[in-house]
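Take a look at the structure below.
The values are calculated or read from the model by the stated rules, or taken from the named source; none is laboratory data. Computed from a predicted structure; not experimentally measured. Backbone-built Cβ (ideal geometry, glycine too); neighbour counts: all protein chains shown.
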Amino acid sequence: MKNKLSAFVLFSSLALSGSVLAEGWTLGPAFKDGWSPEFTLAAVGGAMDADNTDSGFYSGVEFSLNCPWFQPPTGMIRQQFNIGRFDHDGLEMTSFEMNPNYFMELAPHWTLGVGPGIGYASASYGNGDSEGLWSVQVSTNLNYRNGHLFAGLGARYQDTQNHQLAPGINGADNWLVSAKIGYNF
């Protein structure tokens, strides 16, 4: 599974890099007149299902903005930065993620996004020492934006390094389903 997910992230990155060279892409939109980052800050809560644990509560914060490096001719890329915490059934994990998603408009105020990501998690299991785990992930998000109101639903699979957290427990691969509520600046 790790190899398939890693290959997907690598393929997505290469495809996106090659597509940037295609006609209609804007390189460095942050350095052009009229660009707006459209910052959003949101509280995130949801259910995480990690290896070697039952599902439990996840809480965190998401900060996002329009990508300052490139934008496609249609839709948009938003950089999403997440910091979250999970503490359930012996597993304690704090993670930081960067998930750039390509968003397409479904209807006024509604967008659907998908994309790869990278992250880092500090995790421990039981009384074990905390280990640093690099990760790759893939996510999808359904977002609603209207004025200053932001709301969303997301799903994400995270594949972590297989460092030993306790005897017989390596890594902390997980699924997350979340809801978000926040403020558009």
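Within the stretch 138-155, identify whether any single residue is in a strand (DSSP E or B) and farther than 23 Å from residue 102 by Cβ, and answer yes or no.
Scanning the stretch 138-155 turns up no residue that is in a strand (DSSP E or B) and farther than 23 Å from residue 102 by Cβ.
Out of 166, 151, which single residue is of a type outside the set (Phe, Trp, Tyr) and at pLDDT below 95?
Every option except 166 fails the conditions.
Taking the condition of being in a strand (DSSP E or B) and surrounded by 14 or more Cβ atoms within 10 Å (Cβ to Cβ), how many residues in the stretch 123-137 meet it?
Within the stretch 123-137, residues that are in a strand (DSSP E or B) and surrounded by 14 or more Cβ atoms within 10 Å (Cβ to Cβ) number 8.
For the stretch 33-55, which positions are closer than 27 Å to residue 125 by Cβ and in contact with a Lys or Arg (Cβ under 6 Å, 6 or more places away or on another chain)?
44
Taking residue 178 as the residue in question, decide whether it is more than 19 Å from residue 79 (Cβ to Cβ), assigned to a strand (DSSP E or B) and of a type in the set (S, T, N, Q).
Spelling it out, it is not the case that residue 178 is more than 19 Å from residue 79 (Cβ to Cβ), assigned to a strand (DSSP E or B) and of a type in the set (S, T, N, Q).
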